[in-house]
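Only one structure is covered here, and it is reproduced in the block below.
The values are calculated or read from the model by the stated rules, or taken from the named source; none is laboratory data. For clarity, every value in this text was computed on a predicted model and none was experimentally measured. FYI the Cβ positions are ideal-geometry reconstructions off the backbone, even for glycines, and counts take in every protein chain you see.
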Amino acid sequence: MNENKEYEHDHHHDGHMHGIETVSDKGSGGKLLLSLIITGATLIAEVVGGLLTGSLALLSDAAHVFLDIFALALSYGAVRLAARAPSGKHSYGFHRMKVLAAFINGATLLLISFEIFREAVIRFANPHSIIAVPMLIVAGIGLGANLLVALVLGGHDHEDLNARSAFLHVIGDALSSIGVIVAGLIILFTGWTWVDPIASVIIGIIILSGSFRVLKEAVHLLNEGAPEDASSDEVAAALVTLPGVKNVHDTHVWSLDPSFRVLTAHIVLDDQPLSATANLMAQAKQLLRERFRVEHTTIQFECIDCEQCSGKALNCKEGDML
């Protein structure tokens, strides 16, 4: 090259990249708001029903519904924040807020599951009488509302961790309502009130399982982890196969949210004019976009004798070690 470095910063000039509210975000926000209204009505019914019937399982389910409301409200707020345009202080905008919302949702689910386990142990030691028929009626109403909300949210983008965490809240709540109904039927026909705390334990396990999944992915994203199908080593190995590429190093791939992937990399070439690298840059972008779904890239070209690369030879082709 005539110069030993070329910086190419590439991104799509669309709403998603610049913080403008996209059609997807608008749809997600509307669904979350409608789901919030339905879930709020369900919470009122289950709290009143749980207090009147004395059912711990129903009150445990109501606690989960409250977490659903919190999750939906938080997710909706995150969608609104993510729609804000980037600024000098926040050059990537607020996409990461959706991941943060998912993390908070997962953490609160974790806490409420332990509280349910604690209450179940207390109820085992001190059984309470339970009115089964009203318990069944309220739980049935709750299940219907949960299924309706699940239907509303069912069309979410599966790469949207924020929407997915809210959806998992609702699905877990629907399963919890089924547990309450089963417990109510058993109590109605057998009088075995100990089934109620067992149902609450099952509900707690369902909540715990969902929280671990959400937390695992959210922590990975917040820690700038690479996508599962686009690790730095895999991307570097793919780039080094392009014609004229001698070496690829300092490769970093991460996500602001699951649908917004970012890459930076240094690519070592034979010494050549900058104008001769345009075709290679186009090939690199196409490969990254089609194979790894990376749209936002910053690539630095370096000549083969660059001192920074000397002795590293990371991901070099055979016979081209520096």
Seminar exercise, completed: Subset of segment 192-213, residues of a type outside the set (Val, Ile, Thr) and either assigned to a helix (DSSP H, G or I) or in contact with a Pro (Cβ under 6 Å, 6 or more places away or on another chain) (or both), comes to Asp196, Pro197, Ala199, Ser200, Gly204, Leu208, Ser209, Gly210, Ser211, Phe212, Arg213
Exercise. Is segment 237-248 home to any residue that is hydroxyl-bearing (Ser, Thr, Tyr) and modelled with pLDDT under 90?
Worked result: no
For this session: Would you check if there is a residue in segment 175-190 being closer than 30 Å to Ser259 by Cβ and surrounded by fewer than 21 Cβ atoms within 10 Å (Cβ to Cβ)?
Result: yes
Exercise. Of the residues that make up segment 235-244, is at least one part of a strand (DSSP E or B), out of contact with any Lys or Arg (no Cβ under 7 Å at 6 or more places or on another chain) and touching a residue at least 12 places away in the same chain (Cβ under 8 Å)?
Worked result: no
For this session: Give segment 261-291 a look and list any residue that's under 25 Å from Ala82 (Cα atoms) and surrounded by 21 or more Cβ atoms within 10 Å (Cβ to Cβ), or say none.
Result: Arg261, Leu263, Leu288
Exercise. Can you tell me which residues in segment 75-97 are assigned to a loop (DSSP other than H, G, I, E, B), among the charged types (D, E, K, R) and either in the same structural domain as Phe260 (by TED's automatic domain parsing) or touching a residue at least 24 places away in the same chain (Cβ under 8 Å) (or both)?
Worked result: Arg84
Exercise. Quick one: in segment 303-322, which of the residues that are surrounded by 14 or more Cβ atoms within 10 Å (Cβ to Cβ) and under 15 Å from Pro243 (Cα atoms) is modelled with the highest pLDDT?
Worked result: Cys303
Exercise. Among Asp196, Asp160, which is in the same structural domain as Arg123 (by TED's automatic domain parsing), of a type in the set (Asp, Glu) and modelled with pLDDT of 75 or more?
Worked result: Asp196
For this session: Go over the candidates Leu109, Leu72, Leu100 one by one and state the one that is in a helix (DSSP H, G or I), at pLDDT below 80, under 16 Å from the mean Cα position of the chain (by Cα) and among the aliphatic types (A, V, I, L, M).
Result: Leu109
Seminar exercise, completed: If we keep only residues of segment 210-228 that are without any contact (Cβ under 8 Å) to a residue 40 or more places away in the chain and not charged (D, E, K, R), then the residue surrounded by the fewest Cβ atoms within 10 Å (Cβ to Cβ) is Asn223
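Would you say Ile116 is under 26 Å from Leu185 (Cβ atoms), more than 20 Å from the chain's Cα centre (by Cα) and buried (at least 19 other Cβ atoms within 10 Å of the Cβ)?
The answer is yes for Ile116.
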Exercise. Is there a residue being surrounded by fewer than 21 Cβ atoms within 10 Å (Cβ to Cβ) and touching a Pro at 6+ places or on another chain (Cβ under 8 Å) anywhere in segment 235-253?
Worked result: no
Exercise. Does segment 148-170 contain any residue that is charged (D, E, K, R), buried (at least 21 other Cβ atoms within 10 Å of the Cβ) and not in a helix (DSSP H, G or I)?
Worked result: yes
Exercise. Of all residues in segment 120-144, which are buried (at least 18 other Cβ atoms within 10 Å of the Cβ) and at pLDDT below 80?
Worked result: Arg123, Ile130, Ala132, Pro134, Met135, Leu136, Val138, Ala139, Gly142
